[in-house]
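See below for the structure under consideration.
The values are calculated or read from the model by the stated rules, or taken from the named source; none is laboratory data. Not measured: the values here are computed from a predicted model. In this analysis, Cβ positions are derived from the backbone assuming ideal geometry, glycine residues included, and neighbour counts consider all displayed protein chains. Calculation scope for accessible area: heavy atoms of the full protein, side chains included, ligands and nucleic acids excluded. Shrake-Rupley method; radii C 1.70, N 1.55, O 1.52, S 1.80 Å.
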Amino acid sequence: MCILGKTWCQNRCKKPHECGLMGQSPEQTAAPARTQSTWPHPTPTPGSVPAPTAGMTADAFSDYVVGHGELWSARLMAYVCKELGGDAVFMDARDVLVVKPTQDGISVDLVEAVSNKKLDAWFDKHGQPKLVICTGFIARNTEGQATTLKRNGSDFSATIMGALLRAGYITIWTDVDGVYSADPRKVPEAVCLPMMTYHEAWELSYFGANVLHPRTTQPVMKYRIPVAIRNFFNQAAAGTEINDLQSNQDFYKGRGKDGSVKGFATIDNVVIINIEGTGLVGVPGIAAAVFGAMRDANINVIMISQASSEQSICFAVRREDGDKAARTMEARFEQEISVGRVSAVQKIESCCVLAAVGQAMVNRKGSAATMMSALANADINIRAMAQGSSEYNITVVVDQKDSERALRAVHSRFYLSDVPIGIGIIGSGLIGSALIEQLREQRQKLHDQFNIDIRVLGITSSKKMLLSPMGIDLDTWKEDFAKNAVDADLTKFGDVIRSSYIPNVAMIDNTASEVPPTHYLGWMQQGMHIITPNKKCGSGPLEQYMAVRKIQREGYTHFFYEGTVGAGLPILTTVKSLQDTGDRVTKIEGILSGTLSYIFNSFGKDDKTFSDIVRVAKESGYAEPDPRDDLNGTDVARKVCILARECGLKLELEDIQLESLVPEPLRALAGGDEYLARLPEFDGEMSERLKAAEASGEVLRYVGVVDVEARRGTVELRRYPKSHPFAQLDGTDNIISFTTARYFQQALVVRGPGAGAAVTAGGVFGDLLRLAAHLGAPS
């Protein structure tokens, strides 16, 4: 129903007056009888036909009957207002509104001139009451029969009456807070729009926003009457105001926003009909033939897209019309198909139409590019697209399975932060814990200064996992993990992270396990990015490594692994930068193990034996619990393998020539303690090598070498002059030199901490920021 007061009467009365519930009315006793009298025959007998409905068609009779809900509720409302003392009068909209059906029969158009005369007559008869309670949804046709305003007719009634009255303001009360930027059931972080234009409201309604019917705004646009959408159950909410373009621009400009893109909506489960062939090129009337046939088949076309070459034209229809549309096109172009001028009529099922709506997009450069890049970064394929020159909306067609993810991707790109990233953290040990702490410390700064919104959606160890679709509280994650974690399942973990409403998701593998890398390829194929210091993929089977790199190159899915070689040092970044700028790397040589760097930086400085220094390294936390894991050189060999592959060498780990520092008799011992107990037996051999080096003015260093020109990699104990940069190290620092076509007289050297949980976590964090930059974050 429509309630008319104060504002409506300003253009109908000689002077404006206040609307309120005042005065007394004795009419409540007559209310039931008057309400019942609206039914055409109070006591129908079997087989009798009420006189007012005699001769009606089935549709007309249906319209007549369904309208009585409005009649009864409006009458009762008027009586209640009178009982409360209000100067209220009931209006039957059938006495005022005259409409005629649209050509398609789906809706109706107002016969404004006739309705205006009837409205004047009604006020002449009833005077100027302060409150008018008018029925919604119902009217009369030009023949005087009762009819309805069709679907969402009550909202349509409000704007029709507002337009006839030249109202100053119209409020539509509903059960939601206003018009949202996207369906909040699909996008949890959708926002209620404070203001939008008439055209934007119409577009969003057409594309499925169910707050308003598409025709609701039409009557008020002519007179530029603002319409407010308010929530009856949450009257504290400001709602959404629908107004003209200039009012919108002034509103958003005053708040420092452009307001160019207001909302996003989808039409799910559509079918694409694609017609293509060289016989379409340059032939006038092809589009007319296509859409004329669709009109004759009574099929509504949702979206149209045509290549500029005219070789193909496609359009979207509802799923229930898909088969009929395909058959219609095949019949219409039967002759062209038989002679080959039309090569195919293709029906593509399970599609979704996604629209970005904003009247001011025409003045904003890059709206389409922003939308397309958001979809590309979310690894979503676009099947078709359309954009009119008015740029009220940009429409794309994607696979139905990507519907919600696509909606979230574009919405987050425009409405959340520039780059929202959901992450799953694999490994909650030293590196994982350090990374979480760094994220906790920097998250707010990243959000405030760089518009990067990072949310940890899951944390898993080898035994337990904690998941939260909205993000784990990093202040209490350890307590939550201990209390709420469930049994770990890496496949389920990946599925939950992948299904997040956040469009950009990344898996961060902080482990040294061989298990997570076996999932990388599958995760990347699902659109997830990978960040890791785990060397098992980069130095693992070449076929697996090449498959991961291939999907990285061919799509928008990223694989970052800087931490695999130099922890937080920019080693792989340096190689890539040199190659991208046209330089040619000929040799990479470096001390790539913090443990072995410490051991040989210390060996020879005093009278400690080699076994003494190894024991100190373990006790200081520089070495693994079993030092053989460092001294066997396998970790360095993995780094050399990764560097070799980065330089284009297709080497397996087994191809790396490796010198182990674990004596042969000690390699099969049960544990690290037994190894340390027997290691002094072999101090003499290492002391002899040290003496020989010192006699030549040299030092011992355990290095990894990639000789690109010789196409080989080696890991061995070498001697270097005391003036060499490798001889100048302290502690656990790493150092790497790059000899290239440009840096051939003096190598490019990178030096710094190459071990430790905090340093490695910092390298992982750096890769996460690089991912954010690729996804659109400001640098």
Treating the angle as unsigned and between 0 and 90°, give the value, to the nearest 10°, between the Cα long axis of helix 322-332 and the longest Cα principal axis of the chain. 80
Could you check how many percent of all C-alpha pairs in the stretch 206-307 are farther apart than 20 Å? 63
If you count only protein heavy atoms with a 1.4 Å probe, what accessible area per residue comes out for the chain, rounded to a whole Å²? 46
Give me the Debye-computed log₁₀ of I(q)/I(0) at q = 0.15 Å⁻¹ for the stretch 711-776, equal point scatterers on Cα only, no solvent, two decimals. -0.75
Solvent-accessible area of residue 143 with every protein chain in place, 1.4 Å probe, in Å² to the nearest 10: 150
What are the equivalent ellipsoid semi-axes of the stretch 446-551, built from the alpha-carbon gyration tensor (square roots of five times its eigenvalues), in whole angstrom, biggest first? 24, 18, 13
Divide the volume of the convex hull of the Cα atoms of the stretch 389-478 by its number of residues and quote the answer in cubic angstrom per residue. 127
Given a Förster distance of 56 Å, report the FRET efficiency between residue 608 and residue 376 from their Cβ-Cβ distance, rounded to the nearest 0.05. 0.45
How much FRET efficiency would the formula 1/(1 + (r/R0)^6) give for residue 475 and residue 584, where r is the Cβ-Cβ distance and R0 is 45 Å, rounded to 0.05? 0.35
Among 700, 243, 735, the residue whose Cα sits farthest towards the positive end of the charge dipole of the chain (+1 at Cβ of Lys and Arg, -1 at Cβ of Asp and Glu, taken about the Cα centre) is 243
Tell me, Kirkwood radius of the stretch 301-364 from alpha-carbon pair distances, in Å? 14.0
Quick check: pseudo-label points 7 Å beyond the Cα along Cα→Cβ at residue 223 and residue 448, how many nm apart are they? 5.0
Can you pull the three principal axis extents for the Cα set of the stretch 165-257, in Å, largest first? 36, 30, 28
Taking just the alpha carbons, could you work out the radius of gyration and Dmax for the stretch 282-413, both in angstroms? 16.3, 49
Computed on Cα atoms only, the convex hull of the stretch 257-358 has an orientation-averaged projected area in nm² of 7.4
The Cα radius of gyration of the stretch 86-195, divided by 2.2 N^0.38 Å with N its residue count, comes to 1.27
With eigenvalues of the C-alpha gyration tensor scaled by 5 and rooted, the stretch 690-747, Å: 22, 14, 12
Rounded to the nearest Å, the spacing of the alpha-carbon centers of the stretch 134-198 and the stretch 524-554 is 53
Looking at the stretch 359-496, what % of its DSSP beta bridges pair antiparallel, to the nearest 5? 55
Taking the alpha carbon gyration tensor of the stretch 123-165, what are the square roots of 5 times its eigenvalues, largest first, to the nearest whole Å? 21, 14, 9
Please list, in order, the residues from the stretch 279-313 whose amide nitrogen is less than 17 Å from a point placed 7 Å along the Cα→Cβ vector of residue 341. 279-293, 310-313
Histogram of C-alpha separations across the stretch 652-779, 10 Å bin width, %: 9, 24, 36, 21, 7, 2
Let me check against my output: what whole-number percent is the relative contact order of the stretch 448-573, with C-alpha pairs under 8 Å and at least 6 apart? 17
Give me the percent relative contact order of the chain, please, defined on Cα pairs under 8 angstrom at least 6 residues apart. 8
Once R0 is set to 35 Å, what does the formula 1/(1 + (r/R0)^6) return for the Cβ-Cβ distance between residue 487 and residue 276, expressed as a FRET efficiency to the nearest 0.05? 0.10
What are the residues whose amide H is under 5 Å from the amide H of residue 2, where those residues sit 5 or more places off or on another chain and H is modelled from the backbone? 134, 135, 136
Under a point-charge model restricted to the Cβ atoms of Lys and Arg (+1) and Asp and Glu (-1), what is the dipole moment magnitude of the stretch 665-726 relative to its Cα centre, in debye to the nearest 20? 280
Express the carbon and sulfur contribution to the solvent-accessible surface of the chain as a percent, rounded to the nearest whole number, probe 1.4 angstrom. 50
More than 46 angstrom apart: percent of Cα pairs within the chain: 46
Please work out how much accessible surface residue 379 shows to a 1.4 Å probe, ignoring ligands, DNA and RNA, in Å² rounded to 10. 60
Return the sequence-ordered ³J(HN,Hα) values of the stretch 636-643 in whole Hz as given by the Karplus equation 6.51 cos²θ - 1.76 cosθ + 1.60 applied to θ = phi - 60°, using x for Gly and Pro. 5, 4, 4, 5, 5, 4, 5, 5
Point-charge dipole on Cβ atoms (K/R +1, D/E -1) for the stretch 213-319, about Cα centre, debye to 20: 460
When the scattering of the stretch 554-709 is computed by the Debye formula from its Cα atoms alone, each counted once and equally, what is log10 I(q)/I(0) at q = 0.10, 0.20 Å⁻¹? -0.44, -1.29
When N is the residue count of the stretch 482-630, what does its C-alpha Rg come to as a fraction of 2.2 N^0.38 Å? 1.32
